[in-house]
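Derivation of every value follows stated rules applied to the coordinates shown; laboratory data play no part. Quick caveat: nothing in here was measured; it's all calculated off a predicted structure. A quick note on method: Cβ atoms are made from the backbone with ideal geometry, for glycine too, and the neighbour counts reach across all protein chains shown.
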Amino acid sequence: MSELPFAATTPVSVARVGLKAREADKLADFYRSIVGLQELSRDGETITLGSPGRPLLVLERDSAAKPDDPRSAGLFHTAFLLPSRADLGRWINHAIADRIQIDGASDHIVSEALYLTDPEGNGIEIYADRPHEGWAWENGMVKMATARMDIPGVIGSVPEGDAAWQGMPENTVVGHVHLRVGDPRAAESFWNEAYGFDTVARYGTQAAFMSSGGYHHHIAGNTWQSPGAGRRDPSRSGLSWVELRSSQASAASEKQDPWGTLIRLVPDKAVATAA
């Protein structure tokens, strides 16, 4: 069995993401067949998906919701972190075989990532980290970039004769959540003060990256589509909440970021059994 990724071993990490879905069944099918999540439970109004034994994504049925506005504050992407580069190679083989539409593929130095969009416009990243011991840091900032991914190299990391893609493997987690915000500096201040995250990278004045425990980022906020955005319209589909797991919290709590996004914090022991 693979090890739990470094992103999930820090004092605070991402546990789950909640999405308000106009067509929850259709969206669940996409996350099962395309992304590779398993359906773990449903109660009629919500559908929970994840990797084996680990809830990662909750779809909340709201057929009356208006479509998400990509220019507003909200979700830029949910990033599903695979345990190994070979797992990413298996997913790429699955994408090629099933002719899955990909929005992009990048080498970020600390990680290698593919991007796609679900049927309701929610961004998705599927990625694998490089060993964190080799990341380059300077004055508290981690070196990241956006370069062309070596797709043949990633595919080549899959052992010869290895089994084909069989869905998200055990110990797949939500490695990070990237948000559309109105002001990255305000996002920095919120995450620094509310959850003790460190700012570990900035892309000019348009994006900021924050993390706990030396990860390259658990949360990012950018204004590439949403400069000056105000509070979110709760009647729209898309991001509903982000849930964090903390090894230091003794009780669950909730806060809202400056744009009205609900952020939940739960003790580490509560996450494995949450539905």
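Worth pointing out:
- Diffusion constant of the stretch 102-173 at 37 °C, which comes from Stokes-Einstein with the Kirkwood Cα-pair radius and 0.692 mPa s, µm²/s: 230 µm²/s
- Based on Cα contacts under 8 Å between residues 6+ apart, the stretch 6-271 shows a relative contact order of 25 percent.
- Stokes-Einstein translational diffusion, the chain - Kirkwood Rh over all Cα pairs, 1.567 mPa s, 4 °C, in µm²/s: 69 µm²/s
- 5 angstrom amide H check on Val174, placed H, neighbours 5+ away: Leu81
- The label point for Tyr203 and the one for Gln256, both projected 7 Å from the Cα toward the Cβ, are 2.8 nm apart.
- Within straight-line cross-link reach of Lys26, lysines at Cα separation under 18 Å, skipping those fewer than 8 residues along the same chain: Lys66
- With θ taken as phi - 60° and the Karplus curve 6.51 cos²θ - 1.76 cosθ + 1.60 applied, the whole-hertz 3J(HN,Hα) list for the stretch 191-205 is 6, 5, 7, 6, 10, x, 6, 8, 7, 10, 6, 9, 10, x, 9 Hz, x standing for glycine and proline.
- Ranked packing of 228-237, 123-132, most packed first, by mean Cβ within 10 Å: 123-132, 228-237
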